Amino acid sequence: MCFPHMNAQSFSVQRSLCDAHVFICVSGYYIGMCFAAPEQNLMYVHQASQGWQMYFGFSLAVQLVSCALAFYWSRRGWANHPICRALGAHALPQSSWRAVASSINTEFRRIDKFASGCPSARVIVTDTWVMKVSTYSLHVALHQDCHLTVTDSRQHSLSPELNAPVQILTITVASINPRVQPFDIRLKSTEYVELQEKLHAPIRNAANVVIHLTMSELFLETFKTYVRMNAVYKCPSGQELEPCIGCMQASASVKLLRLCQADGEGECQQCYCRPMWCLTCMGKWFASRQDQQQPETWLSSRVPCPTCRAKFCILDVCSVE
């Protein structure tokens, strides 16, 4: 397996021990109940109730299946184990899965590998291999044999780790090796460039997904989402919207109105400027005034109006109709 101080055989044994742990939990509960409820006569199975007899039979069946499965996996030097078979799919004709495991272990120990994801679904890319490591499985593909395609994207307003907006990309890894099944990896859009630099081939974008590579781009999408949920400002009759003074391309589409708090409370101030900015330029202005080292504070911060310098927050930005 591709972790320091752990080879593929030791991981196979570890997985077998996990299966044995299931038996220990099931049978351990029965043994514990023998002492916790002596009136059930669980020490003598033939005197126990039918329900407990069925439970005891089930625990024995689990033990037998676990032992049989572990024995089958251990044959031919653990070559039957699912993870060893996954590694063996990349072995040369005169080699075995152990050579592949050795190659992966060597590259994994290098500090220049790409690693992303939570511990239960880790994505690791080395100089030669693309891997997805989960709790009970391992997917491996060679750089030269695989094609990566962006198939989906999900935008989240807040990330549990950074308390900031995050975009999660789903990338399908498909290998030309018929013995290797396609698998999906997921990573943050801000890690996309780092992944590209580690791969030897381009990543295709089959679904035309818009990938936000920076925190400012992610925040801009979140900013637009929150503004669309705010109150709408209706222009007085006869007032024409001028081009945005920021980009001079789109029409002005937002107006600053003090809506977050009552008059005399808080730091926000009333802005008396007419609509002069489009939503995109206002979002870029809002992001540019933030502390780039503390993205978790961006949504709750206040910035001055780009024209009159009156302070406002996201709740004060209204779309114009």
Exercise for review: For the chain, restrict the atom set to alpha-carbon positions and state the Rg and Dmax in Å.
Suggested key: 29.5, 93
**Study point:** the chain - percent relative contact order, Cα under 8 Å, separation 6 or more
**Key:** 11 percent
Exercise for review: Quick one: compute the contact order of region 72-183, relative version, from alpha carbon pairs under 8 angstrom and 6+ residues apart, as a percent.
Suggested key: 15 percent
Review point. Taking a ≥ b ≥ c as the square roots of the eigenvalues of the Cα gyration tensor of region 203-321, is the shape rounded (a/c under 1.5), prolate (a/b larger than b/c) or oblate?
Key: oblate
Check your understanding: If we sort 107-113, 87-93, 33-39 on the protection proxy, mean other Cβ atoms within 10 Å, highest first, what's the order?
Key -> 87-93, 107-113, 33-39
**Study point:** Length released on extending from Gln196 to Lys234, taking residue separation times 0.36 nm less the Cα-Cα span
**Key:** 9.1 nm
Exercise for review: Can you tell me which of 234-244, 169-179 comes out highest on packing, and rank the rest after it, using the mean Cβ neighbours within 10 Å?
Suggested key: 169-179, 234-244
Check your understanding: When only C-alpha pairs under 8 Å and at least 6 residues apart count, what is the relative contact order of region 162-296, in percent?
Key -> 22 percent
Exercise for review: Please find, in a Gaussian network model of the chain (springs between Cα atoms separated by less than 10 Å), the residue of Met229, Met282, Met215 whose mean-square fluctuation is greatest.
Suggested key: Met229
Check your understanding: Could the peptides 293-302, 183-192 be put in order, highest first, of the mean number of other beta-carbon atoms found within 10 Å of their residues?
Key -> 183-192, 293-302
**Study point:** Efficiency of FRET between Arg75 and Asp145 - r from beta-carbon atoms, R0 30 angstrom, step 0.05
**Key:** 0.60
Practice item. Assuming a ≥ b ≥ c are the square roots of the Cα gyration tensor eigenvalues, decide whether region 38-151 counts as rounded (a/c under 1.5), prolate (otherwise, with a/b larger than b/c) or oblate. Key: prolate
Study note, to complete from the structure: Quick calc, Ala61 & Asp127: beta-carbon distance into FRET formula, R0 51 Å, rounding 0.05, result 0.65
Exercise for review: Mind listing the long-range amide H neighbours of Ala48? Cut-off is under 5 Å, sequence gap 5 or more, other chains count too, H placed in the peptide plane at 1.01 Å from N.
Suggested key: none
**Study point:** Choice from Phe114, Phe71, Phe286 showing the highest fluctuation, given a GNM over the chain with Cα pairs closer than 10 Å
**Key:** Phe71
Review point. If the convex hull of the alpha-carbon atoms of region 79-119 is projected onto planes in all directions, what is the mean projected area in square nanometres?
Key: 3.8 nm²
Exercise for review: Only helical DSSP H runs with n ≥ 4 go in: add -39500 (n - 2.57) per run for the chain, normalise by residue count and round the 222 nm mean residue ellipticity to 500 deg cm²/dmol.
Suggested key: -11000 deg cm²/dmol
**Study point:** In sequence order, calculated HN-Hα J values of region 188-196 (Karplus, 6.51, -1.76, 1.60; Hz; x Gly/Pro)
**Key:** 6, 5, 5, 9, 5, 5, 4, 5, 4
Review point. If you plug each phi of region 75-80 into the Karplus form 6.51 cos²θ - 1.76 cosθ + 1.60 with θ = phi - 60°, what whole-Hz ³J(HN,Hα) values come out, in order, with x for Gly and Pro?
Key: 5, 6, x, 6, 5, 8
Practice item. May I ask you to compute the full-extension gain from Gln270 to Arg179, defined as 0.36 nm times their residue separation minus their alpha-carbon distance, rounded to one decimal in nm? Key: 26.2 nm
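A short reminder: the numbers here are calculations on the coordinates, not readings from a lab. On a predicted model such as this, the values are computed, not experimentally measured, just so you know. All Cβ positions, even for glycine, are placed from backbone atoms using ideal geometry, and neighbour counts span all protein chains on display.
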